[in-house]
Amino acid sequence: MVHSTELKTEKPVLRISQIFLMSVGFLGIQFGFALQNGNTSRILRSFGADVEQLPMFWIVAPLVGMIVQPIIGHYSDKTWNRLGRRKPFFLAGAILSSIALILLPNSGNFTNILPALWIGAGMVMVMDASFNIAMEPFRALVADNLPNKQSASGFSIQTFLIGLGAVAGSALPEFLANNGISMTAGSDGVADNIKYSFYIGALIFIAAILITIFFTKEYPPEEYEKYHGKPEMKGGGLSEIFTDFRNMPITMKQLGLVQFFSWFALFSMWVFTTDAVATHIYKLTGNYSQTVAYNEAGNKVSSAFGVYNFVAMFYALLLPFLARKINRRLTHAFSLVAGGIGLISIYFIKDASMLKFSMVGVGLAWASILAMPYVILSASIPAGKLGIYMGIFNFFITLPQIINGFIGGWIVKHLYNGQSIYAIVLAGIFMICAAISVLYVYDPGEKN
């Protein structure tokens with residue numbers, strides 16, 4: 001890909017309210033992700049999945065993301081219609097995601113077609129594909145519309161809204177249970193508080209996306225080229241994705257290792273924390289997946305995940321300040337170390353109510369993971385390639401999750417003797433490895 005050398009006009013500075021409306025759809029996306037991350041394992045367990053099988057069901061999500069995100073990024077770079085450039089993908093993803101959120105907890109009602117476990121796993125796949133369709137263009141939209149001096153603020157506000165949606169989504173199941181909605185599994189294996197949480201999530205998901213669609217401007221092609229430059233495009237269709245993959249910037253390659261350690265750790269946390277708490281703190285043994293105590297452990301974990309998202313929501317607003325003071329790499333490294341310490345500390349907890357303190361460190365890491373790699377990366381992406389390179393960057397998020405999915409369950413069963421808590425400890429160690437790795441990344445936008 002060869003790009004013209006014409007001078008580009010600096011993009012206009014946007015008001016905070018404009019950045020907020022541009023990113024509010026991410027609130028809905030993360031509300032859905034929070035419900036998925038906090039409850040998918042226990043839903044699949046209630047349908048008969050063994051704990052060592054959980055990673056195999058979870059890898060469907062990153063596998064789908066690995067395929068979908070580069071394709072969506074490629075075509076969103078080249079799309080312009082009455083809705084805009086990125087907006088058509090937001091809308092399609094929102095509709096499909098809302099349908100999947102409604103159907104997943106009702107998978108037990110389709111056992112005349114297939115076993116509930118397989119219906120549930122299929123809905124997880126559809127849900128994640130839909131989330132990715134809606135989510136991928138949001139990263140590119142921030143880079144499309146914001147000048148370089150506002151990029152850190154843009155991704156931080158986006159992360160704030162991600163945290164807000166995740167806090168609400170994580171807390172909702174326990175909130176409903178505390179307000180009279182049953183948390184005892186019904187005949188289809190899923191408690192009412194979980195079902196209603198997913199229904200509410202579907203409504204919030206599509207409403208938030210519609211706010212972004214209706215209240216955000218995208219630059220039409222002529223204006224877009226004025227700000228980004230006009231690339232000299234070569235043909236190739238989807239094959240262009242592979243060309244771009246081979247030509248990825250050195251910064252992206254270096255960030256790949258950081259992302260590997262970070263997302264391997266996050267995948268372990270999402271998959272194994274509920275069973276780690278159930279066995280290590282609640283001391284449950286045997287066939288415990290449909291007991292009230294297991295649901296209580298699941299509610300505690302979901303609420304604890306809400307804490308890390310709550311912390312991330314506000315810490316995200318501090319990231320631009322920290323990045324200016326100590327630079328972007330050190331900011332990310334500090335945050336990842338905090339996350340590693342938080343995960344390792346779960347091993348020493350005796351009371352599930354203490355989980356919220358461990359999640360403070362995880363919240364610092366989560367905010368930084370959602371913002372700083374993209375801030376560092378955006379300065380190295382060539383004109384006209386924001387969507388595709390944001391999509392390709394997703395490889396470094398999905399690959400560690402896929403690897404963990406294939407080996408994580410086997411390790412828990414055969415090396416950890418079914419004790420999921422050791423998977424959480426390893427996750428903490430990997431977070432610290434990510435912190436060390438980011439110190440060696442070249443950041444073209446960093447001021448010495």
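No lab work stands behind these numbers, since they all come straight from the coordinates. This one's a predicted model, so the numbers in the text were calculated from it and none came from an experiment. Every residue, glycine as well, gets a Cβ built from its backbone with ideal geometry; the counts of neighbours run over all protein chains shown.
Side notes on the structure shown:
- Dipole size of the range 10-438 about its Cα centre, with +1 on Lys/Arg Cβ and -1 on Asp/Glu Cβ: approximately 880 debye, rounded to the nearest 20.
- Paramagnetic reach from E218 (point 7 Å along Cα→Cβ, amide N under 18 Å) across the range 127-143: 130-143
- Modelled label positions at W118 and F357, each set 7 Å beyond Cα in the direction of Cβ, lie 4.7 nm from each other.
- Computed P(r) (all Cα pairs; the range 261-369; 10 Å bins; percent): 15, 44, 27, 11, 3, 0
- Per-residue Cβ neighbour rank within 10 angstrom, fewest leading, L317, L44, L103: L317, L103, L44
- Order of H332, H414 under a 10 Å beta carbon neighbour criterion, fewest first: H414, H332
- Applying 0.36 nm per residue to the separation of L317 and I407 and subtracting their alpha-carbon distance, the gain on full extension is 28.8 nm.
- Hydrodynamic radius of the range 296-425 by the Kirkwood approach over all distinct alpha-carbon pairs: 16.5 Å.
- Computed Rg/Rh of the chain, alpha carbon atoms with Kirkwood Rh: 0.96
- Label separation (I16 vs I102): 3.8 nm, computed from points 7 Å beyond Cα along the C-beta direction.
- Degrees separating the helix 421-438 axis from the principal Cα axis of the chain, which is the longest one: 20
- Evaluated at q = 0.11, 0.19, 0.21, 0.24 Å⁻¹: base-10 log I(q)/I(0), Debye formula over Cα of the range 237-324: -0.58, -0.95, -1.04, -1.16
- Residue exposure sequence - F89, F205 - by fewest surrounding Cβ within 10 Å: F89, F205
- Options V360, G201, S98, ranked by Cα towards positive dipole end of the range 10-438, top entry (Cβ charges): V360
- Between I211 and K325, the contour length at 0.36 nm per residue exceeds the Cα-Cα span by 37.6 nm.
- Additional length obtainable on full extension of the chain from A293 to W80, 0.36 nm per residue less Cα span: 71.5 nm
- Cβ-derived FRET efficiency at R0 22 Å, R246 paired with L439, nearest 0.05: 0.25
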